[in-house]
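Taking it in order: structure first as structure tokens, then the write-up.
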Amino acid sequence: MHVSRLRANYIGFQTIVIKEVVRVLRIWIQTLVPPAISMTLYFIIFGGLIGSRVGQMGGYSYMAYIAPGLIMMSVINNSYVNVVSSFFGSKFGHYIEELQVSPLPNYMIILGYMMGGVVRGILVAILITIIALFFTRLHLVHPLITVSVVILTAVLFSLGGLINAIYAKKFDDVTIIPTFILTPLTYLGGVFYSIHLLPVFWQNVSRLDPILYMVNAFRYGILGVSDIGIGTAYAIILLFILGLFCFSLWLLNKGVGLRS
Amino acid sequence: MQALSIHGLTKTYGNGVVALKGIDFEVGKGEFTALLGPNGAGKTTTIGIITSLVNKTAGTVKVFDYDIDTHMDLAKSCIGLVPQEINFNQFEKPFDIVVNQAGFYGIPRKLGKQRAEKYLKQLSLWDKHDDISRNLSGGMKRRLMIARALVHEPKLLILDEPTAGVDIEIRRSMWDFLKKINKEGITIILTTHYLEEAENLCRRVAIIDHGEIIVQGRTRELLEKLRTETFVLNLRKPLAQLPPLDGYAVTQVDDTTLEVEVSKSQNINTLFELLSKDDVQVLSMRNKVNRLEELFVRLVEGKG
Ligand SMILES: Nc1ncnc2c1ncn2[C@@H]1O[C@H](COP(=O)(O)OP(=O)(O)OP(=O)(O)O)[C@@H](O)[C@H]1O
Ligand SMILES: [Mg+2]
């Protein structure tokens, strides 16, 4: 009985993931092309035109320095946006009810949507990495750290997107958080500069930005340089993931935004 | 064991609307039951609670003895739902919609595909299985939702106004299909505004209005009861003994008042002949209307 329930749950999870991945690929013009275009522009303008005047940062050319930051920026944005728009869409079109009436437990629903966001995040990361390689050489100093940080970051922001979608009542609610919170935090999270360039006060303020830890851990994986301790970064990321997962599970169990 | 057993179910929505005022509702295994009621009676709310789309305020719901409070997943596995409103992703293909639903119920993909083909064929949708479902007609969309509801082969199929906005021909073929799968053993509950639909399909019916179940029982008996009229007769003289009135159900309310049930096929003249033969003189007569009849008239006239 229990084994078959577990198997059934796994099949349900798999079904959500397939559905989500098919969605990402079906609307690739909305999901994969925009980050490729905007990141190419970032590389040309910031890395190429402006970067050549900036000189070195952290011991690397400016282009090489911002490449990991830009990859992370894309991962954060795309995993978040994927889940928030897909889950909100299923609420808006009422087909979330297909899942609600099924015996699939809520934690599996969360994991399924989360995995969809992770897959999109990783796909975009690969795409941007390939684009980056046209502009600069990237080493891979700590491959394991690089890969694990990128996946964990995608997990974290997928969960964030899910919570946003659970609360969202109209389409505007889907764009507010990415525009007013995510983008500023990303820009201030050390994507374009080392925080050592900032006055001490602003360095400390920057340390309150969780994205700083992810960007730097990822940069450490690729270039071997970081503004912060890697252990701290992992601890913060894992803590956030745990918190967001529990919170989203609680929301779904309560039926927030889904059941009246 | 009942397929569905509901006790003291109440629902008050967040905005204060009391949609259900404590309903008791039982559906036996293998039955075909209609939940008949006008707009806003509480049909969709009831179904929403059974299928965990709506939170209940109080009461118990058991599906094949699985309490939805304690054995939610087992209860859900028994139910297939065809909702009132379209609730599939209209940008997906019918085949994918049905296959994915099978997956959510834990059915392996290969088997899910076989079943999807089987049920889409049974509902005459196979030639559309690879189209974008947005392009299906209204009737096709409803049938798609029936195929989707059957893909995990539920023991209880619940349909919320499946024939609303469907033309006569398709409605009839839908009826035939539902009758067939009911014969094959699946318990069916459907909600409807149409007395005709309940009459044609359902052995049992529960009539709901303003969040209360007014009556439930065998459709035929209920209709018989509904198709009789009750007349209240005021008599000139007190009646010592009730005369024999063959074929009429008569009750004596008091000395000078009788209540007679007359079915629509009976001739009321005969009643008066029988009465005058026994020298009972009727002073006045009025038609007694009850709530059920009123509702019935509303349903028959299709005002909902
Ligand atoms: N989400 C909701 N929030 C607040 N009130 C609701 C909600 N859903 C339904 N109601 C109210 O509850 C009552 C019962 O509605 P319900 O949808 O169950 O009726 P129904 O019998 O299915 O009607 P219909 O035949 O029109 O589908 C109505 O007064 C309705 O306005
Ligand atoms: Mg309804």
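The values are calculated or read from the model by the stated rules, or taken from the named source; none is laboratory data. Fair warning: this is a prediction, and the values are worked out from it, not measured in the lab. Neighbour counts run over all protein chains shown; Cβ positions are idealised from the backbone, glycine included. Keep in mind that these areas ignore ligands, DNA and RNA; they rest on the heavy atoms of the full protein, side chains included. Shrake-Rupley method; radii C 1.70, N 1.55, O 1.52, S 1.80 Å.
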Alpha-carbon centroid distance for the pair the range A:91-108 / the range B:64-141, whole angstrom: 13 Å
Pairs over 31 Å Cα to Cα, from B:K76/B:K113; A:K169/B:K29; B:K29/B:K225; A:K169/B:K118; A:K254/B:K62, come to A:K169/B:K29; A:K169/B:K118
Crossing angle, helix A:2-26 versus chain A [Cα axis fit, 0-90 degrees, rounded to tens]: 50 degrees
Helix-only mean residue ellipticity at 222 nm for chain A, each DSSP H run of n ≥ 4 adding -39500 (n - 2.57), per residue, nearest 500: -24000 deg cm²/dmol
Multiply the residue gap between A:L239 and A:V200 by 0.36 nm, knock off their C-alpha separation, and tell me the result in nm, one decimal place. 11.4 nm
At a Förster radius of 60 Å, what calculated FRET efficiency corresponds to the Cβ-Cβ distance of B:E273 and A:R7, to the nearest 0.05? 0.20
Rough spin-label spacing in nm, given labels placed 7 Å along Cα→Cβ, for B:K93 and A:I126: 2.4 nm
Label-to-label distance, nm, for residues given as A:V21 and B:L283 (7 Å Cα→Cβ offset): 8.7 nm
Work out which residues of the range A:1-30 lose at minimum 50 square angstrom of accessible surface when the other protein chains are put back, relative to the chain isolated, with a 1.4 angstrom probe, and list them by number. A:I11, A:T15, A:K19, A:R26
Per-residue Cβ counts within 10 Å, from other chains only, averaged over A:249-260: what number is that? 2
Quick check: net charge around B:E221, other residues with Cβ under 14 Å of its Cβ, Lys/Arg +1 and Asp/Glu -1? +3
Find the centroid of the Cα atoms in the range A:71-90 and in the range A:161-179, then give the distance between the two in whole Å. 11 Å
What FRET efficiency do you get for B:D167 and B:D246 if R0 is 45 Å and r is their Cβ-Cβ distance, rounded to the nearest 0.05? 0.45
Can you give me the distance in nm between label points at B:S124 and B:K110, each placed 7 Å from the Cα along the Cα-to-Cβ direction? 3.4 nm
Using only protein heavy atoms and a 1.4 Å probe, how much accessible area in total is buried between A and B, to the nearest 100 Å²? 2400 Å²
If one compares the long axis through the Cα atoms of helix A:210-223 with the longest principal axis of the Cα atoms of chain A, the angle in degrees, nearest 10, works out at 60 degrees
Post the alpha-carbon centroid distance, the range A:231-260 to the range B:1-61, in whole angstrom. 33 Å
Tell me the relative contact order for chain A as a rounded percent, counting alpha carbon contacts under 8 Å between residues six or more apart. 25 percent
Take A:I44, project a point 7 Å from its Cα along the Cβ direction, then tell me which residues of the range A:120-154 have their backbone nitrogen under 15 Å from it. A:131-132, A:134-135
